[in-house]
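Novice: Pasting a structure below so you can have a look.
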Amino acid sequence: MEKIFEKLNESQSQAVKQSEGPVLILAGAGSGKTTTIVSRLAYLIEVLGIPASNTLTLTFTNKAAKEMRERALDMIEDASYPPLLCTFHKFGLLFLKFNIHLLNRQNNFVVIDTDDKKRIIKKINSEIPTPLIASEISRYKNSLLTPDDAYKQAELFNYQQIAKVYEEYEAYLSENNLVDFDDLIALTYRLLHENPELAQKTSQKYQYIMIDEYQDTNELQLKLLQKLCTSHNNLCVVGDDDQSIYGWRGANIRNIMEFDQDFIGTTTFKLENNYRSKEPILKVANALIEHNRSRLGKKLIPTRGGGEDVAIINSHDENEESRKIAQKIRKLLDSGVEANDIAILYRVNVLSRSIEEGLNRTGIAYKLVGGLRFYDRAEIKDLISYIRIITNFHDDFSFKRVVNKPKRGLGKASIEKIELAAHANATSIYEYVKKTSLVDLEALVRKKNAKTLKTFIKDLEDVSKVAVESTYSFIDVLEDTFHLKNIYAGMQDEADRILNMDEFYGLFRDFIKKSPESGLDEFLNELTLQSEQDQVEGESIYMMSIHASKGLEFEHIFIIGLEEGFLPLVGDGSDLEEERRLGYVSFTRAKESLTLSHAGSRFYKGRRSDLQKSRFFNEAGLCEGSLKVEKNTAFKKGDLVRHKIFGTGRVTGISKSGREFKLNINFAGTKRDILASFVERL
């Protein structure tokens, strides 16, 4: 028990001990959130004697899950039955493996990634922009809309077309036993919703549930959690409303703002002591975020003492900016700072180009996080496609990708003829080629191509047998059978591609060594669940978007592009409060020093534009500006409020009254001016 509480402050200790009922832990940036979660998990298991198998802890990235798992196991005496601690999507994957048969689906499904999803969509419809269709399908799934629902809702012709693509896309996934990322949660919720007994049983299994980064959950994840709490209300969520920055991809800040309304009887704890950043960094972060109205309210309290003032770099243009930043980073490196303790952040990805050039000129090694991921490279996608076919011969999508890699003389026309014939016979391409006689195949394609297809099928089957007998040696047999490295023979970057393939083969062998009981489908699904933050390792400075930096910390942070239109983004439906939260997140990544940079002009979208300094300098108290920004009231126009005498009304206007704010409120037709402190928001 001493081991659990020795590193905790009073607020953290209280949160850890509150084991029953709904619990909201508001954890400011750098306030020891992970320590609190893993300590609470250890407390449940070690002190209260809750079986580890009755707990469930969910987070959003593999990196966070891995760190939390390692720290939790260090506190638990008997780790022979470790608690389930994983991402939402990994939980969905495990749940579907055991229960997808209830939807008349096979449990040897394969999870497709975003790139696969787009390729399938493009095949169905290449006229409407693929990213738009992919985004809409994702929205439909997260709103639990069927293709039929989507079609009924669609008023514009384009959206009716998208609904039809959605229908064909779903049919394709079902026929090929594939699931996409959204399915991992949507199908899990559907199973629990349609099978009350399963929901009851699952809820009884996971008696104590904890959720990390709760501010990043969407509506569907909230519904899933409500199903998991069917038989109890022991749900503890940890998050920070000031770090809710994923509204654009469906995260709903109301989940954390109104947690106590979704789960009645909530106990709330605030973690405000910051153990990460020096005082000057926290001063500007607190000043900035106080301008937001929609927040539960807390302040980061420094525990590490004073440090360097926040530095500001003023530049004429992006070239001067990149030169100045490269010089500052060179000084840090020369003084003994490790390269991977430095990061450059930006709101808009395109801003990285000029900084990259500046670093290259100065000879500073960097890694672009969120660039082309290792698993997205063509040579790796080809290898993955081969493994997918061997896992599921009927995966037409992967079959078509590699049937002519290395080149086997099979042209696009031949493959299309075979695919059409397979569809006409309601079979997969593999099954059609296997069952059709050589003579009949030769009637469709050239004699040589027919033989090639038959040989390809036989080779796949032979390699598949090896995968069953010895998963570890499978990867060598795959290369020896298909000579995959020959695909890139003679290419300018052949050496790099082969190095990448060797790296992949090494990763495969390492995975099988660590999980000898695992098969190919487990390996494939692990790959699909990789995230951007899994790239952060090694000896180089990092460059990444502010979104990609969330959850990370660095000794020295440089933030570029603090101009109106870049940070904050303005117009086009942007949310200024979320932009401010992005600023707050970026500031609080820094431990020792924070440098903010802005340029007077940038070359952007084909032309040079003059830019205005970001309002965030002024709001963070870093400079005096022509625009004097008042701290906002907690209320905004349109809010519903309650007054003890006048009842419920709607705010129609806000004005300053000394140190207070005066609200103009419409109470069922009667308008009154009332000080903000006399009403509460609904």
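Novice: To one decimal place, what orientation-averaged projected area in nm² is obtained for the convex hull of the Cα set of region 334-399?
Specialist: Over every viewing direction, the Cα hull of region 334-399 projects on average to 7.2 nm².
Novice: Per residue Cα convex hull volume for region 328-478, in cubic angstrom?
Specialist: Looking at region 328-478, the number lands at 188 Å³ per residue.
Novice: Find the Cα radius of gyration of region 478-533, compare it with 2.2 N^0.38 Å by division, and give the number to two decimals.
Specialist: Against the compact-globule rule of thumb, the ratio is 1.33.
Novice: If you don't mind, another one. Determine the sum of side-chain charges near Val38: Lys and Arg each +1, Asp and Glu each -1, restricted to other residues whose C-beta is under 11 angstrom from that of Val38.
Specialist: Overall, the nearby charge balance is +1.
Novice: Using only the alpha carbons, work out the radius of gyration and Dmax of region 1-96 in angstrom.
Specialist: 13.0, 40
Novice: While we're on this one: What does the charge dipole of region 431-532 about its Cα centre add up to, to the nearest 20 debye, if the Cβ of each Lys and Arg holds +1 and the Cβ of each Asp and Glu holds -1? Provide the component values of the computation, followed by the final result.
Specialist: Values: 14 positive and 21 negative charges, 153 e Å.
Approximately 740 debye in magnitude.
Novice: By the scheme Lys and Arg +1, Asp and Glu -1, what is the net charge of all other residues having a beta-carbon under 9 Å from that of Leu552?
Specialist: Values: positive: Lys63, Lys550, Arg589; negative: Glu553.
Taking every other residue near Leu552 into account, the sum is +2.
Novice: Once you've got the Cα coordinates, tell me which of Lys122/Lys448; Lys17/Lys662; Lys227/Lys514 are over 32 Å apart.
Specialist: Those over the limit are Lys17/Lys662; Lys227/Lys514.
Novice: Return P(r) of the chain (all Cα-Cα pairs; 10 Å bins starting at 0; whole %; ordered from short to long distances).
Specialist: 3, 13, 20, 24, 21, 12, 5, 2, 0, 0
Novice: Express the C-alpha Rg of region 416-516 as a ratio against the empirical globular expectation 2.2 N^0.38 Å, rounded to two decimals. All intermediate terms of the calculation are to be shown ahead of the outcome.
Specialist: On the way: Rg = 17.2 Å, N = 101, 2.2 N^0.38 = 12.7 Å.
Here the answer is 1.35, to two decimals.
Novice: Could you sort the peptides 74-85, 136-147 by per-residue average Cβ neighbour count (10 Å cutoff), highest mean leading?
Specialist: Taking the mean over residues of other Cβ atoms within 10 Å, the ranking is 136-147, 74-85.
Novice: Using the crude model of +1 on Lys and Arg Cβ and -1 on Asp and Glu Cβ, and no other charge, please compute the dipole size for region 149-242 relative to its Cα centre, in debye to 20.
Specialist: That gives region 149-242 a dipole magnitude of about 560 debye.
Novice: Relative contact order for the chain: what is it in percent, counting Cα pairs under 8 Å that are at least 6 residues apart?
Specialist: Across the chain, relative contact order equals 16 percent.
Novice: To continue, here is another question. Would you mind putting 220-229, 423-432 in packing order, based on average other-beta-carbon counts within 10 Å, highest first?
Specialist: 220-229, 423-432
Novice: What net charge do the residues around Asn273 carry, taking every other residue with its C-beta under 13 Å from that of Asn273, with Lys and Arg at +1 and Asp and Glu at -1?
Specialist: Details: positive: Lys7, Lys33, Lys270, Arg276, Lys298, Lys299, Arg304; negative: Glu10, Glu272, Glu279.
Residues near Asn273 contribute +4 overall.
Novice: Follow-up question, since we're still on this one. Show me, bin by bin at 5 Å from 0, the whole-percent P(r) of region 78-153 based on Cα pairs.
Specialist: In order of increasing distance, the bins hold 3, 12, 14, 18, 21, 14, 8, 4, 3, 2, 1, 0 percent.
Novice: Here's something else I'd like to know. Restricting to Cα atoms and excluding each atom paired with itself, what does the Kirkwood estimate give for region 7-46 in Å?
Specialist: Result for region 7-46 stands at 10.4 Å.
Novice: Shape verdict for region 187-288, please, from the Cα gyration tensor: rounded (a/c under 1.5), prolate (a/b greater than b/c) or oblate.
Specialist: It comes out prolate by the Cα gyration axes.
Novice: Can you list the lysines whose alpha carbon is less than 17 Å from that of Lys283, not counting same-chain residues fewer than 8 positions off?
Specialist: Lys298, Lys299, Lys591, Lys631
Novice: Along the charge dipole of region 1-160, Cβ charges K/R +1 and D/E -1, which of Leu102, Ala154, Asn142 sits furthest on the positive end?
Specialist: So the residue we want is Ala154.
Novice: Continuing with the same structure: I'd like to check one number: the per residue accessible area of region 102-198, probe 1.4 Å, reported in Å² as a whole number.
Specialist: 52 Å²
Novice: Sticking with this one: Percent of accessible area on region 240-319 owned by carbon and sulfur, 1.4 Å probe?
Specialist: Numbers: 1600 of 3520 Å².
Its accessible area is 45 percent carbon and sulfur atoms.
Novice: If you don't mind, there's one more thing I want to ask. Determine the percent antiparallel among the DSSP beta bridges restricted to the chain, to the nearest 5.
Specialist: Once the DSSP bridges in the chain are tallied, antiparallel ones form about 35 percent.
Novice: What percentages make up the Cα-Cα pair-distance distribution of region 192-235 when the bins are 10 Å wide from 0?
Specialist: So the P(r) values, bin by bin, are 30, 54, 16.
Novice: Rg to Rh ratio, region 254-329, alpha-carbon atoms and Kirkwood radius?
Specialist: 1.16
Novice: Please enumerate, by chain and number, the aspartates and glutamates with C-alpha under 13 Å from the C-alpha of Lys97, excluding those fewer than 8 residues away in the same chain.
Specialist: Asp183, Asp521, Glu522
Novice: Take each of the peptides 36-42, 330-336, average the number of other beta-carbon atoms within 10 Å over its residues, and list them starting from the highest.
Specialist: Taking the mean over residues of other Cβ atoms within 10 Å, the ranking is 36-42, 330-336.
The values are calculated or read from the model by the stated rules, or taken from the named source; none is laboratory data. This one's a predicted model, so the numbers in the text were calculated from it and none came from an experiment. Virtual Cβ from ideal backbone geometry, glycine too; neighbours counted across all protein chains shown. Each accessible area value is taken on the protein alone, full model and side chains, heavy atoms only, with ligands, DNA and RNA left out. Shrake-Rupley method; radii C 1.70, N 1.55, O 1.52, S 1.80 Å.
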